[in-house]
1. Where the second residue is aliphatic (A, V, I, L, M) and the first is within 18 Å of Y6 (Cα to Cα) and lies in the range 16-33, which pairs have Cβ atoms under 6 Å and are six or more apart or on separate chains?
2. Please work out if D17 is among the acidic types (D, E), modelled with pLDDT under 90 and either touching a Phe, Trp or Tyr at 6+ places or on another chain (Cβ under 8 Å) or surrounded by 13 or more Cβ atoms within 10 Å (Cβ to Cβ) (or both).
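The values are calculated or read from the model by the stated rules, or taken from the named source; none is laboratory data. Just so it is clear, the structure is predicted and the values come from calculations on it, not from any experiment. We place every Cβ from the backbone using ideal geometry, glycine too, and count neighbours over all the protein chains shown.
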Amino acid sequence: MWTCPYCGGTHGLPFHDSQLDGMLCLEPDCGRFEESHTDHDDLSLWDTTDIV
């Protein structure tokens with residue numbers, strides 16, 4: 001499960017465009033973006049909480 005490094009919240013949305021790749025925190029008091037450098041298509045990096 002993803003956890004926001006800024007607020008500790010667990011509600012996030014994966015985001016990807018031509019310049020950014022990461023998670024956007026959906027907590028009402030946060031909304032910050034955590035950049036990711038991992039390959040999201042590599043299923044070996046996922047755990048069971050990511051597939052809900």
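1. Once the first residue is within 18 Å of Y6 (Cα to Cα) and sits in the range 16-33, its partners that are aliphatic (A, V, I, L, M) give L24/L13; L26/L13; F33/L24.
2. no
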